[in-house]
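Asks: Below is a structure I'd like to ask you about.
The values are calculated or read from the model by the stated rules, or taken from the named source; none is laboratory data. The structure presented is a predicted model; accordingly, all values stated were derived computationally and were not measured. Backbone-built Cβ (ideal geometry, glycine too); neighbour counts: all protein chains shown. Heavy atoms of the whole protein, side chains included, go into the accessibility calculation; ligands, DNA and RNA do not. Shrake-Rupley method; radii C 1.70, N 1.55, O 1.52, S 1.80 Å.
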Amino acid sequence: MQSEKALAIVTRGTDWSETSRITTLFTREFGKIRALAKGGRRLKSNFDVAFDLLTVCEVVFIRKASGLELLTEARMNEQFPALRKNLPALYAGYYVAELLAEGLQDYDPHPVLFDAALAILRALGRTAVFYPEREGSTGAEEEGAVREGEGAPVSQAAGADSPVELGPEVNGARSVERTAPLRTEAGGGKGSLLATVSAFELVWLQELGYSPRLDACATCGRERLSPTARAFFSPLAGGVLCPECGPAVADRRMVSGDALLCIRDLTARGAETALPDETRAEVRQVLGYAVSCVLGRRPRMLNYVDAR
């Protein structure tokens with residue numbers, strides 16, 4: 001049987017037996033696949049990757065008629081251990097994995113989406129999210145920091161410089177343990193992380209064919225004369241709605257012009273767009289609503305990503 005090679009992100013894994021594991025992979029070449037790794041749970045196996053969630057690996061597999069492919073080789077290419085020291089970033093990574101595992105059809109490749117997913121995982125894995133000091137705080141304890149045992153929080157005090165530290169080399173690849181903090185915005189690092197997540201959601205929606213139309217009515221096509229004015233928005237209709245079409249759509253909701261402009265900027269410029277305090281919550285509600293409509297349910301990790 002002919003074998004296939006691919007670069008993959010591990011998005012889900014379940015134990016199949018005492019020694020084997022079923023893993024869901026999002027590959028750049030073939031899209032989402034489900035594969036059986038025989039012996040993948042053994043301490044000494046043919047695979048030098050443990051199929052941990054969000055691991056990037058190079059895989060070789062054999063297609064099977066059952067739809068459950070057989071993995072024959074897997075070599076770790078990249079991993080992000082810093083995520084496990086940063087709870088908000090880890091939640092964001094799990095959210096990306098959930099959208100890739102449950103929002104796509106098997107063997108439906110999306111190279112642009114794969115590149116976007118890899119970019120956000122690298123950004124989350126390279127950086128730490130810092131928060132302003134809370135009233136009464138000494139600055140040593142940061143919101144969302146993950147403790148190891150009973151030691152000090154992993155993240156440093158807000159605003160402190162953090163030099164690059166490379167992890168140990170594994171199979172020719174090095175992981176980035178720590179770098180400078182995420183770009184600071186009004187509202188602190190949380191806004192920067194949410195901008196990164198929002199930009200990925202828009203790429204995900206676009207690749208699946210659900211990119212919201214924001215420049216004109218999604219129903220009648222009437223152009224918006226005032227981009228700064230608030231408007232009806234409906235994910236099922238495909239975007240914003242004019243005053244005449246909006247009342248006829250059941251899932252409509254009113255969205256401010258500032259939030260719509262922010263979403264347009266995120267679509268055009270990605271995570272470089274700032275999410276101001278006054279529009280951040282509304283933008284997150286709109287995009288979360290759009291993603292939920294496409295999935296047919298609210299993503300499990302979404303509440304953790306948007307939690308304050």
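Asks: In the range 278-301, which residue that is in a loop (DSSP other than H, G, I, E, B) and touching a residue at least 24 places away in the same chain (Cβ under 8 Å) is most open to solvent (accessible area, probe 1.4 Å)? If you could, list the steps in order and put the result at the bottom.
Replies: From the range 278-301, those in a loop (DSSP other than H, G, I, E, B) are 296-301; that's our starting set.
Right, trim to touching a residue at least 24 places away in the same chain (Cβ under 8 Å) and you get 299-301.
Numbers: Pro299: 2, Arg300: 136, Met301: 35 Å².
Ranking the candidates gives Arg300 first.
Asks: Only one of (1) of a type outside the set (A, V, I, L, M); (2) within 13 Å of Leu193 (Cβ to Cβ); (3) modelled with pLDDT of 90 or more; (4) open to solvent by 50 Å² or more (accessible area, probe 1.4 Å) fails for Asp115. Which number is that?
Replies: Every condition holds for Asp115 apart from (2).
Asks: Select, from Ala281, Ala271, Ala259, the only residue that is under 22 Å from Leu118 (Cα atoms), among the aliphatic types (A, V, I, L, M) and within 25 Å of the chain's Cα centre (by Cα). Reasoning before the result, please.
Replies: On the way: Ala281 fails: under 22 Å from Leu118 (Cα atoms); Ala259 fails: under 22 Å from Leu118 (Cα atoms).
Result: Ala271 is the single residue among Ala281, Ala271, Ala259 that is under 22 Å from Leu118 (Cα atoms), among the aliphatic types (A, V, I, L, M) and within 25 Å of the chain's Cα centre (by Cα).
Asks: Related question: Looking for something open to solvent by less than 20 Å² (accessible area, probe 1.4 Å) and touching an Asp or Glu at 6+ places or on another chain (Cβ under 8 Å) - is there at least one such residue anywhere in the range 198-216?
Replies: Scanning the range 198-216 turns up at least one residue that is open to solvent by less than 20 Å² (accessible area, probe 1.4 Å) and touching an Asp or Glu at 6+ places or on another chain (Cβ under 8 Å).
Matching residues to (1) closer than 24 Å to Val112 by Cα; (2) in contact with a helix residue (DSSP H, G or I) (Cβ under 6 Å, 6 or more places away or on another chain); (3) at pLDDT 95 or above:
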site: Met1; (1), (2), (3): no, no, no
site: Thr14; (1), (2), (3): no, no, no
site: Ile22; (1), (2), (3): no, no, no
site: Arg28; (1), (2), (3): yes, yes, yes
site: Val59; (1), (2), (3): yes, no, no
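Asks: Go through (1) modelled with pLDDT under 95; (2) surrounded by fewer than 22 Cβ atoms within 10 Å (Cβ to Cβ) and name the single condition Leu275 misses.
Replies: (2)
Asks: Pick from the range 227-265 the residues that are of a type in the set (Lys, Arg) and closer than 16 Å to Arg280 by Cα: which of them is least open to solvent (accessible area, probe 1.4 Å)?
Replies: Among those residues, the one meeting the criterion is Arg264.
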